[in-house]
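Okay, structure first, notes after.
Rule-based calculations on the coordinates, nothing more; no lab input. What you see is a predicted model; the values in this text were computed from it and never measured. Using ideal geometry, Cβ is built from the backbone for each residue, glycine included, and neighbour counts are taken over all protein chains shown.
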């Protein structure tokens, strides 16, 4: 992992290779691994700041963050993933810390709302996110809306 780098970019700063690697990671995890055909290309990528770790051009962990008023009234983060190659290295925790820092520093807010897959409620709870009680199925996967104040 000595060649691992973290990147933070807007949509228009992506190279074609970076965009391809990020989309490939999202499809690998959310569509293939979770066996969930869903519209990953949702026209929100253009409004997001993208954060990821990569090694030799391969994405290990990724998420995207949004300013206030794009997805929710609060800032938000989503499409959080760690690829098979990145697992077991605590990259998920580093990723969420980076995402919270980016939101606080670029968007000047500490209020963040997320849509969490239910098996990750404790994981996000460790960063101060609280269960709002709003639960729903999204693409047949149980989700809970969480908020960090």
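Only helices enter the 222 nm calculation for the chain: every DSSP H run of n ≥ 4 contributes -39,500 (n - 2.57), and dividing by all residues gives -6500 deg cm²/dmol, rounded to 500.
Compactness check for the chain: Cα Rg over 2.2 N^0.38 Å is 0.99. Ranking of 82, 144 by neighbouring Cβ atoms within 10 Å, starting from the fewest: 144, 82. When each of the peptides 73-79, 96-102 is scored by the mean number of other C-beta atoms lying within 10 Å of its residues, the order from highest to lowest reads 73-79, 96-102.
Here r is the Cβ-Cβ distance between residue 23 and residue 104 and R0 is 25 Å; the resulting FRET efficiency, rounded to 0.05, is 0.40.
Net length available on complete extension from residue 122 to residue 139 is 4.0 nm, with 0.36 nm assigned per residue and the Cα-Cα distance removed.
Assuming R0 = 25 Å, can you tell me the calculated FRET efficiency for the pair residue 90 and residue 130, based on Cβ-Cβ distance, to the nearest 0.05? In this case the efficiency is close to 0.65.
Cβ-to-Cβ counts within 10 Å put 134, 71 in ascending order as 134, 71, the fewest first. Counting neighbouring Cβ atoms within 10 Å and putting the fewest first, the residues 143, 12, 50 line up as 12, 143, 50.
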